[in-house]
Amino acid sequence: MVGAPTRTARAGTCEDPGSGARREQPRTRKDQVTDMAIILDTDIGGEPDDALALAVAAGLPDLALVITSDEHQGRRAEFARHLLDLLLRSDVPVIAGRELGRYDNWAADGIVPRGVPASPTDVIGAVGALLGETSDPVRWIGTGPMSNLADVLTAIPAARQFTVTQVGGSHTWFTDRAEPTIGADLPAARTVLSAGVQLRLLTAETTLDLYNVINRDTVEYDIMADSAESACVMLHNHMDVWLDHHRRNINQSALLALALALDLPFFTTSPTHIDLDPIGRIHPGEHRVSMTDSVDYRAYHTWSIPLLANIEKQHHTTTHGAPPPVRARTTLESFATELGTIHAPEGGTGL
């Protein structure tokens, strides 16, 4: 398959606290000079890009809070808690967020060991506590439905000052239905739009691209498969469950969202004004947002692969084979065909 860098461009190893470079004490935000606080709102435990994004974000001292969206009876929060603990980020609170009753988007049975404590569920309290502890600007990164963000914006007026990067939306691809992330909780999406928050949407046209996938022939998969370190083993097992039972590829939208939130120069974006029609389709309207138009995947892979190769050290540098050239945008139909959907969850985010 044409796509992300293949295993002929080998890329180092994955290191986590099990390696010889293990740190004696967990890192904390208070020990670091930071200029922002990151809240990651993630539906981790479904498509593995969310777990990869959390693993990379764990290398940022700015990561201050993780909230799980589209919860699965607390299991997403358990997954996030265990992965963060493996990466020596026990200082980062994990909050089990809103549950929507959608349990098909799950690919982590047997991944988290027994005994991981249940996470608290007070999203509003956790965000309020963070705002009471920091004067840093807050960046909210949403990779799942907008339920938690809508609740926070409704309950905490100061949250309207957040800079929000959200996976979701489409310029033209979804003409008969809402884009899946928006459609997963349409009332929440409407609340977020009407709140006047500074919002950047990572669109389907820029995430659903064959140069943005991971499969068993790509470097990203090899990095995890070739490591015996505990965090990498967890991520590798998670990938295998998804690839065996859901789709033949993993789309990296969550890791792209992290890059966009960090203002990395891989994206072209355009300001626009939008609204949502009765079924959630985007059309011109009154709400100002920024929407991504394209991604330089060569630059993106040059950034992401070294971080995945050493997920404990955010600024580790490794030499890699050249990523593929930027390719013309595919269509939704051709992407769905080449992606090879095995299982599209009923009422879920299947293409």
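Please give the net charge around residue 255, taking every other residue with its beta carbon less than 12 angstrom from that of residue 255, where Lys and Arg add +1 and Asp and Glu add -1. Within the 12 Å Cβ shell, the charges total -4. Orientation-averaged projection of segment 130-215 equals 7.0 nm² [convex hull of Cα atoms, one quarter of hull surface area]. Between the amide H of residue 171 and those of 204, 205, distances stay under 5 Å, these residues lying 5 or more places away or on another chain, with hydrogens modeled in the peptide plane.
Amide H contacts of residue 294 (H built 1.01 Å from N, in plane; Pro and chain starts excluded): 268 sit under 5 Å, all sequence-distant by 5 or more or on other chains.
From the P(r) of segment 205-322, could you give the percentage of C-alpha pairs in the tail past 21 Å? Of the Cα pairs, 48 percent sit more than 21 Å apart.
For segment 53-155, the extents of the C-alpha atoms along the principal axes are 40, 30, 21 Å, listed from largest to smallest. Specify the inter-centroid distance of segment 54-128 and segment 216-255, based on alpha-carbon positions, in whole Å. Comparing the Cα centres of segment 54-128 and segment 216-255, I get a distance of 19 Å. Rg of the Cα atoms in segment 34-339, relative to 2.2 N^0.38 Å, amounts to 0.93. For residue 244, what charge total do you get from the other residues with a beta carbon under 12 Å from its beta carbon, if Lys and Arg give +1 and Asp and Glu give -1? Residues near residue 244 contribute +1 overall.
In segment 158-207, what trypsin sites (Lys or Arg not before Pro) fall in a loop by DSSP, with at most 13 other Cβ atoms inside 10 Å?
Filter output for segment 158-207: 177.
Rg/Rh for segment 248-297 stands at 1.06; both radii use Cα atoms, and Rh follows the Kirkwood definition.
Readers should treat all values here as calculations from the given coordinates under stated rules, not as data from a laboratory. Note that the coordinates shown come from a computational prediction; the quantities given were computed from them, not determined experimentally. In this analysis, Cβ positions are derived from the backbone assuming ideal geometry, glycine residues included, and neighbour counts consider all displayed protein chains.
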